[in-house]
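The structure under discussion appears below in the form of structure tokens.
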Amino acid sequence: EEALGASEERYRLIYEYTGEAVFTFDLAYTLIGVNRKACEIVGYSEEELLGGNILELSILHPDDLERALDDIRGVLGGEVVRDELRFIARSGTEVIFEVTGAPLFDRRGDIVAVTNVAHNITEQKLAEAELMRINAELDAYAHVVSHDLMGPVSVITTASEALREMLGGPLTADDVERMERAVEMIRRGTDTARMLVEDLLNLAYAGLRPEDALVVDVGEVIGRVLAERSGAIAEFHIAHRAIASQ
């Protein structure tokens with residue numbers, strides 16, 4: 001009797017003070033045991049939970065009730081079942097648990113109850129979702145920047161080829177003027193490319209949340225794009241008109 005009492009006390013202490021939430025219910029799904037951690041996380045007292053049907057206490061997310069029921073059936077079939085289930089705390093906050101359900105047997109080997117040990121993984125899941133969001137946004141932004149970089153790269157390439165052609169023969173005054181324009185195009189192209197790379201790095205460091213919002217002169221941006229694409233515009237004989245800044 002002393003050994004049994006000591007064993008029960010050890011089990012009680014583990015049950016009560018473990019860092020995981022523990023829910024125990026009988027074959028009728030009636031909660032017959034719940035520890036302090038579980039009460040702390042879901043926001044209900046032991047008195048409010050004990051005696052209630054685990055599926056009807058409004059602590060399980062409605063969309064996960066069928067999965068929870070399937071898990072319970074698996075445990076009642078003698079399995080140890082692991083699953084991720086959402087709970088709803090008293091405050092209305094959604095809590096995500098990694099639940100391990102195991103059957104409890106009597107001395108004859110019959111299942112008399114189910115114990116679910118629930119590990120709170122809410123913060124981990126939120127962090128994973130945030131990381132996925134940031135990666136997706138960064139990937140999309142990287143594609144945009146890659147596309148935008150083609151503008152200044154194209155300008156630099158066009159200007160460089162023009163310079164090489166002019167340097168291949170005697171230079172006239174007109175050639176010198178064209179060379180100056182080509183050098184200026186290369187300078188603008190490299191400045192634009194540098195700014196795009198810096199913007200990308202700054203946005204990545206800021207977690208894709210710009211620190212400041214600035215007023216943008218769309219006319220100036222379009223004018224810069226037209227200047228960068230002047231070679232392609234001339235090549236394809238595209239007509240455009242100047243856009244006045246507002």
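Things worth noting here:
- Rg/Rg_globular for the chain, with Rg_globular taken as 2.2 N^0.38 Å and Rg from C-alpha atoms: 1.91
- In the chain, the longest principal axis of the Cα atoms and the axis of helix 218-228 are about 60 degrees apart.
- Per-residue surface analysis assigns I186 an accessible area of about 40 Å², computed on protein heavy atoms at 1.4 Å probe radius.
- Global geometry of region 1-122, whether rounded, prolate or oblate, following the gyration tensor of its Cα atoms and the 1.5 cut on a/c: oblate
- Neighbour-limited loop hits for trypsin sites (Lys or Arg not before Pro), region 30-115 (at most 10 other Cβ within 10 Å; DSSP other than H, G, I, E, B): R107, R108
- Taking every alpha-carbon pair under 8 Å whose residues sit at least 6 apart, region 127-240 reaches a relative contact order of 37 percent.
- C-alpha long axis of helix 173-205 to longest principal axis of the chain, angle in °: 10 degrees
- Degrees, to the nearest 10: 122-167 long Cα axis against longest axis of the chain: 10 degrees
The values are calculated or read from the model by the stated rules, or taken from the named source; none is laboratory data. Since the structure is predicted, the reported quantities are computational estimates derived from the model, not experimental observations. Note that we place each Cβ from the backbone using ideal geometry, even for glycine, and neighbour counts take in every protein chain shown. The protein model used for the area step is the full one, side chains on, heavy atoms only, and it has no ligands, DNA or RNA in it. Shrake-Rupley method; radii C 1.70, N 1.55, O 1.52, S 1.80 Å.
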